[in-house]
Amino acid sequence: MGTPRSKNELFENARARWPEQFLILGDQPATPAILTRPPTFETYEAIEQALPPEDEWASLAAWAFLQSLSELVQSNWEAGVGVVRSNDVSFLLFDRNMTSNLSDSSWTQEREIYSRLPLSRPH
């Protein structure tokens with residue numbers, strides 16, 4: 001992928017790699033995790049393994065999408081909703097996680113690039 005042309009492009013490309021929905025099964029014993037089918041973290045790992053190793057942007061986006069999806073799994077579980085869809089992940093939630101992840105000092109260059117990306121690609 002290389003450097004994305006827009007934040008929305010990065011988001012949409014990340015979302016396209018995820019299954020359409022996850023069934024929420026319940027608490028995972030001895031961990032704070034909530035079980036889903038398919039498992040969210042195992043899905044993330046499969047996505048990560050399928051990405052070209054040099055594509056840091058796709059990798060960063062996959063992680064931010066997992067974080068966003070996990071937040072929705074938690075809130076849906078607490079609300080008694082038994083499913084979460086990848087389309088339920090909003091750009092705002094994804095962007096918040098991307099921005100938070102890039103706040104680490106090891107991502108200075110990427111943070112600067114991301115902060116300058118337009119929201120959407122010019123037509």
Rounded to the nearest Å, what's the spacing between the alpha carbon centres of region 102-122 and region 44-76? Just the number, please. 17 Å
Which label marks the calculated value of log10 I(q)/I(0) by the Debye sum over Cα atoms at q = 0.18, 0.20, 0.21, 0.22 Å⁻¹, given the options (i) -0.95, -1.11, -1.19, -1.27; (ii) -1.00, -1.22, -1.33, -1.42; (iii) -1.11, -1.25, -1.31, -1.37? (i)
Using amide H atoms built in the peptide plane, which far-off residues or other-chain residues are under 5 Å from ALA33 H to H? GLN28
Cα→Cβ-extended label distance, 7 Å offset, between ILE113 and LEU92, nm: 2.8 nm
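Only helices at least 18 Å long along their axis, Cα-based, and averaging -0.5 or more on Kyte-Doolittle count here, so list those DSSP H runs from the chain.
Values: long enough: 56-78 (33 Å, 0.11).
Those that pass (Cα extent of 18 Å or more, hydropathy at least -0.5) are 56-78.
Using r as the Cβ-Cβ distance of GLU42 and SER106, and R0 as 22 Å, what FRET efficiency do you calculate, to the nearest 0.05?
Details: r = 26 Å, r/R0 = 1.18.
Plugging the Cβ-Cβ distance into 1/(1 + (r/R0)^6) gives 0.25.
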Listing ARG37, ARG96, ARG17, ARG116 from the residue with the fewest other Cβ atoms within 10 Å to the one with the most, what is the order? ARG116, ARG37, ARG96, ARG17
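Fully extended, how many nm does the chain gain between VAL83 and THR3 (0.36 nm per residue separation, minus their Cα-Cα distance)?
On the way: separation 80, 0.36 × 80 = 28.80 nm, distance 3.28 nm.
Full extension of this stretch gives 25.5 nm more.
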Taking only C-alpha pairs under 8 Å that are 6+ residues apart, what is the relative contact order of the chain in percent? 37 percent
Calculated FRET efficiency for the pair GLU20/SER75, C-beta based, R₀ 25 Å, to 0.05: 0.85
Counting sequence-distant residues (5 or more places) and residues on other chains, those with an amide H built under 5 Å from that of GLN21 are SER86
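Just so you know, all these numbers are worked out from the coordinates, no wet-lab data involved. In this text the structure is predicted, and so the values were computed from the model without any measurement. Virtual Cβ from ideal backbone geometry, glycine too; neighbours counted across all protein chains shown.
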